[in-house]
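*Asks:* Let me give you the structure first, and then I'll get to my questions.
FYI, it's all coordinate maths here, none of it is from the lab. These numbers were taken from a predicted model, which means no experiment stands behind them. Don't worry about glycine lacking a Cβ; one is built from the backbone with ideal geometry, like all the others, and counts go over all protein chains shown.
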Amino acid sequence: MAYHFDFNFVPDYAGMLAHGIGYTLGLTLLGGTLGTLIGIGGAISRTWNVRPFAGLYRCYVELFRNTPFLVQLFLIFFGLPSLGIKLTEWQAAILAMVLNLGAYSTEIIRAGLQAIPKGLIEASESLAFTRWQTFFYVMLRPALLKVWPALSSQIVITMLGSSVCSQISAEELTFVANFIQSRNFRAFETYFLTTAIYFALAVIIRQALAAIGRYAIARRPQA
Amino acid sequence: MMMTFTLWDIIRNLAISGLLTIVLSVAAFVFGGLAGLAVLFARISKIRAINASARLYIEMFQGTPLLMQLFILFFGLSLFGLDLPAWLAAGVGLTLFTSAFLAEIWRGCVESVPRGQWEASTSLAMTYAEQMRHVILPQAMRMAIAPTVGFAVQVVKGTAVTSIIGFAELTKTGSMLSNATYQPFLLYSLVALGYFILCYPLSWYAQRLERKVHAPRTN
Amino acid sequence: MPLVQTKRLHKFFGKNHVLKGINLDIQEGEVVTIIGRSGSGKSTLLRTLNGLESIDDGTIEVDGTALVAGQGDLRALRQKVGMVFQQFNLFPHLSAGQNVMLAPQVVKGTKKDEAETIARNMLARVGLAEKFDAFPDQLSGGQQQRVAIARALAMSPKVLLCDEITSALDPELVNEVLSVVRQLASEGMTLVMVTHEMRFAREVSDKLVFMYEGRIHESGHPQEMFNNPTTPEFANFIRTQN
C-alpha cells in the first residue's frame, strides 16, 4: 500500500475540533436535560391519564419515535420557516434533540412509574400524601433510578445521532470534520479521528450519567 | 431547467424512493440478522479472544454515530482503490450496524434465560451445543422476538442517514424535490409520513408482542 | 361517641357485593381484631377505614371527620388513621429515619429538626433506634415492619390499622413485630387489626369481629366468643384454625 496515514493536520484544527466537541456536548446536555423534563411531564400525563395531555403526548411519542431524527431536523429547520417560524441552526438542532429525546424518555420514565409497586403508593396515600406529593416524594426517584440505565443509553444514542445536525450546518463535531476534510483532503484520517472522539464522548457521558445516577438520584452512602 | 411538479408527481416520486428505503431496510435487516447471529455466538463464546473481539465490535458500532460508520466505510475503502457506489456503502454500513445491535439484543435474551436451565440441562448430560439448541435458544428466541421487531424500526429510520452519502432513498428524494419545488414543509411532512407508515405498524406489533410475552407473568 | 364509627357500609367490586351494610363502633383505646376467611371482606373493611378502598354507600366517621358514601376530606381522615401493610411498603430510596420523617415534613409541614426528633423517638419506640440510617434493603423483614409501624406512628394517628402485618414474615421474625403491637395496645393505642394469629388476637383484643360473606356475623369479647360460638359458621371457623 502506498497510502500514508497522516494525522499532522490535527494541531492546526485543534481549536475547531474543540468547538465542535463543545457544540455537540452542549446539544447533548441541553437536549438531555430538557428532554428528560419533557419525559417526566409526559410520563405523568400518560400514567394518570391527564386530559388532554395524555392524548397529545401519545400522538407526539408515536410521531417522533416512528420517524427519523434527520427528517425531524429537516422539517424543523427547512419546513417551519414556511409557517413563519425561522430558527437558527443551533435553535433548530436543540429543538429537534429535545423533542426526539422527550418522546423516548416519556416512554422510558412511564415504564419506571408503572414498575413502582402499588403498595408504595398505598402507603403514601395512607400517610395522607396528596397525589402530587406521592409522585414527587415516593414515585419519582425510585422510577428514575430504575430506568436510569435505559435513559442514559437513550441520551448517548441521541448524542451520537446529533452528528446529522451537520446537515443543517449546525457547527457540531461532524460539521467540523466535514470542513476539515474539505480543506486537507484527508477524509479517512479526519473521520477516523472524529469517530474516535465520538466514542470517547460516549464513554465519558455514560460514566458521567452513571455517577449522576449513583450520587444524585440514589443519594445514599455507598455500602 | 425549470420543471413543475404536481402533487401527484411528488407523491409518485416519493413512493418510488420509498421502495428503495424498504429494500435497503429489508436487506440490512436480513443480512444484519445473519451476521448478528455470528456475532452473538462469538459474544457468548467461552474463548476469551473471540468473546472480547465480538464485544469490541459491538461497542464500536454502538458507541459511534451511524453517519461516521458510513463515512469511514465510504472514504476508507476508497483509499484501497475501492470506490463503492452509494447504495452498496449504504447496504454494507447498515448491515454491520444492524448486526452489532441485534447481537447485543439477543445476548441479553440468552443471558436472561435462568441459570437453573443451564444447570438442569447440564445435569442431563447435554453438550453445550445440545443445551443451546434444545434448551437455551428456544427460550431466548421467545424473548427476542419483540425487541427484534422493535429494532427493525431503528433500521428503517437508520436508512435516512444514508441519504447523506448520496443514496437516493426517501429522505434524499424528499430533499431534492424540496429544492426543486420550494415547498420544504410539504415535502418533509410527506417524507415523515412515509417513514411513519413504514415504522408505526412495526412499533405497534413490537409492543403487542411485548405485552404477550409479559402477560403470563402476573403481579 | 365512639372514636371510629361506620354505618351501613356497602362496597361493590363490579357486581360483587363485598361489604353488605357494616355497622361497627370502635371506642378510643380499644383493640379490635377482624377475622374471617379470605374473601369474607375483612381486608376490604379495614382498607375502607382510611379510604384506600372507596365506599359505595354508608358513612365512616373517625374522631369527627366523616366520609359519606365516599365523599369527604380524605386527607383529613388519613391523618387520623395510620396503616401498616402486609408487605411493609417502606420507601426503598429512603433510609429508615427518612421513611419516618417524610410524612410529618411533607403532610404536616413539620420542621426538619423536629421531624428528626420525632423519627428518632418513634424508631426507639419500636426498638430500632440504632437503625436510623439503614436502608430498607439492609433490614430484616421484622425490622422493616417495625420501621413501617414507626412511620405510621410518627403522624400521631388516633387509630392504627394493621393489615396482616405478620403474614409476609418468616416465622422467627413474627414475635418481634407482635411484641411491638402488644406494647402499643398496653399504652392505650386504638388498634384495628386483620390477622391470622388467633392466639395473639385472643390475647390482646378487647373485641373480636367475625366477618362472613361481607357481613359482621358475630362479634364480642374474644374469650367469650371462642368459648361459646353462637353461630355454626364461627364454630366451623375456629375448628379449622387449629
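*Asks:* If each residue of separation counts as 0.36 nm, what is the full-extension length gain between A:Asn8 and A:Ser82 once their alpha-carbon separation is subtracted? Don't skip to the end; give the middle numbers.
*Replies:* On the way: separation 74, 0.36 × 74 = 26.64 nm, distance 4.46 nm.
Separation in residues times 0.36 nm, less the Cα-Cα distance, equals 22.2 nm.
*Asks:* So for the pair C:Asp170, C:Lys20, with labels modelled 7 Å out along Cα→Cβ, what separation do we get in nm?
*Replies:* 4.3 nm
*Asks:* Report the full-extension gain for the segment A:Ala115 to A:Thr130: residue separation times 0.36 nm, less the Cα-Cα distance, to one decimal in nm.
*Replies:* Values: separation 15, 0.36 × 15 = 5.40 nm, distance 2.00 nm.
Here the segment from A:Ala115 to A:Thr130 would lengthen by 3.4 nm.
*Asks:* A further question on this structure: Taking the range A:88-186 as the region of interest, what is the percent of Cα-Cα pairs per 5 angstrom bin, listed from the shortest bin to the one with the maximum distance?
*Replies:* Once binned at 5 Å, the Cα pair distances of the range A:88-186 give 2, 12, 16, 14, 12, 10, 9, 8, 6, 5, 3, 2, 1, 0.
*Asks:* Taking 0.36 nm per residue of separation and subtracting the Cα-Cα distance, what length does fully extending C:Ile238 through C:Asp73 add? Mind showing how you got there, number by number?
*Replies:* Values: separation 165, 0.36 × 165 = 59.40 nm, distance 3.87 nm.
Going from the current span to full extension adds 55.5 nm.
*Asks:* Further, regarding this structure: Against the longest alpha carbon principal axis of chain B, how many degrees, from 0 to 90 and to the nearest 10, is the axis of helix B:86-111 turned?
*Replies:* Tilt of helix B:86-111: around 30 degrees.
*Asks:* I need the calculated FRET efficiency for the pair A:Arg183 and B:Ala168, taking r as the beta carbon distance and R₀ as 25 Å, to the nearest 0.05. Could the numbers behind the result be given before it?
*Replies:* Numbers: r = 28 Å, r/R0 = 1.11.
Taking R0 as 25 Å, the efficiency between A:Arg183 and B:Ala168 is 0.35.
*Asks:* Which angle from 0 to 90°, rounded to the nearest 10, does the C-alpha axis of helix C:171-186 make with the longest principal axis of chain C?
*Replies:* Approximately 90 degrees, to the nearest ten.
*Asks:* Suppose R0 equals 56 Å. What FRET efficiency, 1/(1 + (r/R0)^6) with r the Cβ-Cβ distance, do C:Arg37 and B:Leu193 give to the nearest 0.05?
*Replies:* After rounding, the FRET efficiency stands at 0.40.
*Asks:* Now, a different point. Please give the FRET efficiency for C:Asp113 paired with C:Asp133, using the beta carbon to beta carbon distance and R0 = 25 Å, rounded to the nearest 0.05. Walk me through the intermediate numbers first.
*Replies:* Numbers: r = 17 Å, r/R0 = 0.66.
Working from the Cβ atoms, E equals 0.90.
*Asks:* Right, another one. Rank these for me by crowding, B:Ile197, C:Ile60, going from fewest to most other beta carbons within 10 Å. Can you show the working numbers first?
*Replies:* Working: B:Ile197 11, C:Ile60 25.
Fewest to most other Cβ atoms nearby, the residues stand as B:Ile197, C:Ile60.
*Asks:* Now a separate question. Once amide H atoms are built 1.01 Å from N in the peptide plane, which residues 5 or more positions from C:Met83, or in another chain, come under 5 Å H to H?
*Replies:* Those qualifying (amide H under 5 Å, at least 5 residues apart or on another chain) are C:Leu161.
*Asks:* Mind sorting B:Trp8, B:Trp106 by how few other Cβ atoms lie within 10 Å of their own Cβ, fewest first?
*Replies:* Working: B:Trp8 8, B:Trp106 25.
Lowest to highest Cβ neighbour count: B:Trp8, B:Trp106.
*Asks:* Here is a follow-up. Quick one: Cα centre-to-centre distance for the range A:103-145 and the range C:203-223, in angstrom?
*Replies:* Here the answer is 37 Å between Cα centres.
*Asks:* Could I ask something else about it? Helix-only estimate, please: 222 nm mean residue ellipticity of chain C, summing -39500 (n - 2.57) across DSSP H runs of length 4 or more and dividing by its residues, to the nearest 500.
*Replies:* Details: 9 runs with 92 residues, N = 242.
My calculation for chain C gives -11000 deg cm²/dmol from helical runs alone.
*Asks:* Divide by every residue of chain B the summed helix terms, -39500 (n - 2.57) for each DSSP H run of at least 4, and state the resulting mean residue ellipticity at 222 nm, rounded to the nearest 500 deg cm²/dmol.
*Replies:* On the way: 8 runs with 166 residues, N = 219.
Taking each H run of at least 4 residues, the total per residue is -26000 deg cm²/dmol.
*Asks:* Arrange A:Trp132, A:Trp148, A:Trp48 by Cβ neighbour counts within 10 Å, fewest through most, would you? All intermediate terms of the calculation are to be shown ahead of the outcome.
*Replies:* Working: A:Trp132 9, A:Trp148 20, A:Trp48 13.
Fewest to most other Cβ atoms nearby, the residues stand as A:Trp132, A:Trp48, A:Trp148.
*Asks:* Can you pull the one-decimal nm distance between simple spin-label points at B:Glu59 and C:Gln183, each 7 Å off the Cα toward Cβ?
*Replies:* Distance between label points: 5.3 nm.
*Asks:* Could you tell me how many degrees, from 0 to 90 and to the nearest 10, lie between the Cα long axis of helix C:141-153 and the main elongation axis, the longest principal axis, of the Cα atoms of chain C?
*Replies:* Approximately 90 degrees, to the nearest ten.
*Asks:* For the range B:10-46 and the range A:1-79, what is the separation of their C-alpha centers, rounded to whole Å?
*Replies:* 24 Å
*Asks:* Which entries in the list C:Lys11/C:Lys112; C:Lys131/C:Lys158; B:Lys172/B:Lys212; A:Lys118/B:Lys212; A:Lys146/B:Lys212; C:Lys42/C:Lys112 go over 32 Å, if you measure between the two C-alpha atoms of each? Display every interim value, and only then the final one.
*Replies:* Numbers: C:Lys11/C:Lys112 40 Å; C:Lys131/C:Lys158 26 Å; B:Lys172/B:Lys212 38 Å; A:Lys118/B:Lys212 22 Å; A:Lys146/B:Lys212 22 Å; C:Lys42/C:Lys112 37 Å.
The answer is C:Lys11/C:Lys112; B:Lys172/B:Lys212; C:Lys42/C:Lys112.
*Asks:* Once you treat every alpha carbon in chain C as an equal point and sum by Debye, what is log10 I(q)/I(0) at q = 0.09, 0.17 Å⁻¹?
*Replies:* Values, matching the q order: -0.38, -1.29.
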